[in-house]
Amino acid sequence: MAYVYGSPNRQKRQLLWNKLRNSIPLGQSPWIAIGDFNAILSSSEKYEGLSRGRRCPYFGNFVASAELHDLGFRGPPFTWHKGVLFERLDHAMGNEAWLCNFLNYMVTHLPKIKSDHRPLFLDFSNIAESLGKFTHDLKYWNKHVYCYITTRKRDLIKRIANIQRKRDFFGFLYLNQVDLSLRQELENVLHHEELLWKQKAMCDWLKLGDRNKKFFHTREANEFFQRLYREIPAPLGNLPPSGFPQLHPVDVSFLGRPVSNIKIKEAMFDMAPLKAPGSDGFHAIFFQKHWDTLGEVVCDLVRKAGFIAERNINENFILAQEVIHKMRSQKK
């Protein structure tokens, strides 16, 4: 990664382009340059009153010859301005290898505080934000397009009652087809409502419930340890001095082995699709259905976020258990 400051002097900037070109590693090594290039790539990146500016040819030639890609941005279109002159002088450029290795990145133009330039914020993994936006869009669709399930069910029942009443009192036989169509639509809504309640109540609890003592106590124990090992733990109280067994060195070595993408995928697909959702609100079925799109990102997050200091251990603990269980099963 190269951090760039381009001089306002055009001749000095030409020397910068040559130095940057020579610093790009050969082969398939990822490389990125980010900072104040003091140059624009296209006329749309400069605005002065009613006129547009022209691209900087030497900067454009450098980007083309080095086979770099502008990583784009989110936020206001210009990073610097003076009076009526607005320009995008700050960029993030990456080569093809960087784009292939870092699929989920986001460059954001931040507000100006001390400098007269907007700082650039490079986020290597914006999956959480993407899922958050996806959730927001789903809520909007549920409210304004699909309508809430309970509202649709209530309206359909009223319409069916009115149609049947008119047909029975006045003998309008053409309403038979309308009645059939509405009842089919209601059947579809009821099916969706059933899926919704399965997700909320969890299939295992509906199947077993507290009538099964083993299931009930296992669930209670799980909730106890979740409270015990949350991010801000409560006082532990008095614990026995040596009441916990220790892991064998072989097991410790086994747990320290790197986990492959294949094992993570197998663990994900071994999960029950509609069990309790994660902290992001998504069930396992969402990641299973869209694994071709999200798989690589999920694998990266599992390796980066699990068992790291100052991170929530609950984020990947369950998935890690599934992976370890899968590896042990295959070892046997």
- Task: Determine which single condition residue 279 fails, assuming it passes every other condition in (1) among the polar types (S, T, N, Q); (2) modelled with pLDDT of 80 or more; (3) within 18 Å of residue 135 (Cβ to Cβ).
- Result: (2)
- Failed condition for residue 124, given (1) in contact with a strand residue (DSSP E or B) (Cβ under 9 Å, 6 or more places away or on another chain); (2) within 27 Å of residue 295 (Cβ to Cβ); (3) surrounded by 15 or more Cβ atoms within 10 Å (Cβ to Cβ): (3)
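With respect to residue 66, determine if the residue is small (Gly, Ala, Ser), more than 24 Å from the chain's Cα centre (by Cα) and surrounded by 13 or more Cβ atoms within 10 Å (Cβ to Cβ).
yes
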- Tell me the helices (runs of 4 or more DSSP H) entirely within the range 57-161 that contain at least 2 residues that are outside the structural domain of residue 21 (by TED's automatic domain parsing). 127-141
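The values are calculated or read from the model by the stated rules, or taken from the named source; none is laboratory data. Values in this document were obtained by computation on a predicted structure and should not be read as measured data. Ideal geometry is used to build each Cβ from the backbone, glycine not excepted, and the neighbour counts take in all protein chains shown.
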